[in-house]
Structure formats: C-alpha cells, structure tokens
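Asker: Got a structure for you, questions after.
The values are calculated or read from the model by the stated rules, or taken from the named source; none is laboratory data. Keep in mind the model is a prediction, meaning the values are calculated, not measured. Glycine also receives a Cβ, built like all others from the backbone with ideal geometry; neighbour counts cover every protein chain displayed. Note: areas computed on protein heavy atoms with side chains; ligands, DNA, RNA excluded. Shrake-Rupley method; radii C 1.70, N 1.55, O 1.52, S 1.80 Å.
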Amino acid sequence: MSLLSLMGRGGLAGACAGALSAVVSLVLAEPVIDRAIALEHANAGEGHGAELFSRDTQHVGMLVSVILAGMAIGLLFGLVYAVLHRRDPGADPWGRALRLAGAGFLGVAFLPFLRYPTNPPGVGSEATQQARTVTWLAAIAIGLATVSAARLLAGRLAERGAALPLRQLAPVGVVLLGLALLFALPSSGDPISTPADLLWSFRLLSLLASVVLWAGIGVGFGLAGLRAGAVANTAAVRAAA
C-alpha cells in the first residue's frame with residue numbers, strides 16, 4: 001500500500017464521516033443552537049443587528065466546513081496509518097484503524113473537551129477570542145502528546161515483558177498526568193449566562209458529533225482496508241494458480 005493510496009482512503013473516509021457528523025448536528029444540535037441564538041438576541045435587545053447570513057446559508061456552510069474538516073483529518077489519519085503500517089505491515093487493518101481512530105478521538109476531541117467544553121452561541125466575548133483559540137490549540141497539543149506518550153510507554157513495557165497490570169496502569173497514569181497539565185491551562189474567564197440545560201445539551205451534542213466523526217473515519221478506513229486486503233489475496237491466489 002502506497003502513502004498516496006492510504007491518504008486517499010483516509011480523505012474519502014473523512015469526507016463521508018464529516019457528512020454523517022454534519023447530518024447528526026443538523027438534526028440534533030440545530031434546535032439547541034436556535035434556542036441559544038434566540039436567547040442571545042433577547043439579551044442583546046434592540047441593539048442587536050441583523051444576521052449577516054440566513055440560517056439556511058449557515059446550515060450549508062456548516063455542512064461544507066465539516067466535510068472539509070473531516071477530509072483534512074482523514075488525510076492526516078492516512079498519513080499516521082502509513083507510518084504505523086510501515087513499522088508493522090502484518091497488523092490487522094480493521095483493528096489498527098479502530099485503535100487509531102479511538103486514539104485520535106481521545107487526544108484531539110475528548111481530553112481537550114474535558115478542559116474546554118464547546119459553548120453555544122452567545123458565550124464568550126470577542127476580547128478573549130484570541131486567547132481562547134490559543135489555549136484550545138494548546139489543549140489539543142497536550143492531548144495528542146498524552147496519547148502518544150501513553151502508547152509508546154505501553155509498547156515499551158510490552159517489549160520488556162512487563163506484567164499485565166503495569167502495562168495497563170502505566171498508560172492510565174500518563175493520561176492522568178496529561179489531564180493535570182490540561183487543567184493547569186488558564187480558563188477563559190468569560191461569564192456564562194446560558195441556562196444549564198441548554199448549555200450542557202449543546203456540549204454533549206457537540207461531543208456526540210465528534211464521536212460520529214472519529215468513529216466514521218475508523219470504520220470507513222478499516223472497511224476499506226479489509227476490502228483492499230481481500231482484493232490483494234484474491235489476486236495472489238490467481239497469480240499462484
């Protein structure tokens with residue numbers, strides 16, 4: 001399998017997973033967003049200007065942006081998969097794809113979410129936008145470093161024949177250390193006046209969209225890998241015959 005074929009497979013899986021994630025957001029999260037926007041307008045009063053784009057246009061823009069983001073993540077997924085495949089070409093493509101997708105979700109989405117959960121419209125001021133962006137990117141970097149360190153430690157312990165409890169508990173300790181580093185990052189300090197039920201409904205639905213995205217990438221990439229392996233085996237049998 002060439003690098004380009006794996007990245008192409010990842011890009012296709014990411015685009016399909018992004019489309020599925022966008023549909024989930026449109027169906028489940030958009031009513032919550034509409035409530036948040038209505039609340040924001042009510043709090044702003046008459047001083048609130050008209051929306052630059054209609055909600056239908058925003059829906060289309062969200063769909064396109066999520067598909068493109070999924071494609072970009074899928075390309076990077078294929079690149080990382082290619083590195084792992086080169087080191088161990090005999091590994092099961094289905095299991096490897098699912099494990100890699102799980103690690104990506106943990107490092108890119110879930111760990112940063114625990115420190116900086118997604119907020120609905122109306123939460124956060126423009127004055128803190130740059131600082132919030134920087135801390136969010138720092139959270140993703142810490143999340144990825146944590147997952148990578150946990151995987152490397154588990155691999156080293158397995159190579160040295162360490163006992164199973166140690167091989168399980170040591171990576172958990174690395175993840176807990178990563179969480180401690182995440183919570184050492186500064187908070188945004190923005191006041192949150194959104195009702196708790198609306199706030200957490202939006203946050204959990206945003207996390208669900210991330211689950212769908214990463215699961216879709218892992219399943220799509222894994223199924224494509226199984227199909228490619230079956231085609232290669234069939235070709236090898238015919239050549240041998």
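Asker: Let me confirm something: among Pro186, Pro171, Pro117, which residue is touching a residue at least 60 places away in the same chain (Cβ under 8 Å) and either under 24 Å from the mean Cα position of the chain (by Cα) or buried (at least 18 other Cβ atoms within 10 Å of the Cβ) (or both)?
Answerer: The unique qualifying residue is Pro117.
Asker: Being out of contact with any Asp or Glu (no Cβ under 7 Å at 6 or more places or on another chain), open to solvent by less than 60 Å² (accessible area, probe 1.4 Å) and modelled with pLDDT of 95 or more is the requirement here; does Ala44 meet it?
Answerer: Here the answer is no, as Ala44 does not meet what is asked.
Asker: Scan segment 183-222 for residues that are in a helix (DSSP H, G or I) and β-branched (Val, Ile, Thr) and report the count.
Answerer: Matching residues across segment 183-222 total 4.
Asker: Something else about it: So if I check each of Ala154, Ala138, which one is within 18 Å of the chain's Cα centre (by Cα) and hydrophobic (A, V, I, L, M, F, W, C)?
Answerer: Result: Ala138 is the single residue among Ala154, Ala138 that is within 18 Å of the chain's Cα centre (by Cα) and hydrophobic (A, V, I, L, M, F, W, C).
Asker: Which of the following residues is modelled with pLDDT of 90 or more and closer than 20 Å to Val32 by Cβ: Leu205, Leu153, Leu176, Leu111?
Answerer: Criteria check complete, one pass: Leu205.
Asker: Also, quick follow-up: Out of segment 203-225, which residues are closer than 12 Å to Arg9 by Cα and hydrophobic (A, V, I, L, M, F, W, C)?
Answerer: Within segment 203-225, Ile217, Val219, Phe221, Leu223, Ala224 qualify.
Asker: Given the options Leu199, Leu213, Leu204, Leu208, name the one that is out of contact with any Lys or Arg (no Cβ under 9 Å at 6 or more places or on another chain), under 25 Å from Gly107 (Cα atoms) and open to solvent by 80 Å² or more (accessible area, probe 1.4 Å).
Answerer: Matching residue, one of Leu199, Leu213, Leu204, Leu208: Leu204.
Asker: If you check Ile192, Ile140, which single one turns out to be out of contact with any Gly (no Cβ under 6 Å at 6 or more places or on another chain) and in contact (Cβ under 8 Å) with a residue 60 or more places away in the chain?
Answerer: None of the others qualify; the one that does is Ile192.
Asker: Return the pair list, or none, for Cβ contacts closer than 7 Å from residues in segment 58-72 that are closer than 15 Å to Ala17 by Cβ to residues that are surrounded by 13 or more Cβ atoms within 10 Å (Cβ to Cβ) and not small (Gly, Ala, Ser), at least 6 apart or on different chains.
Answerer: These pairs meet every condition: Gly70/Leu213.
Asker: Take the residues in segment 76-108 that are among the charged types (D, E, K, R) and part of a helix (DSSP H, G or I), then tell me which one is nearest to Pro171 (Cα to Cα).
Answerer: Only one residue fits best here, namely Arg99.
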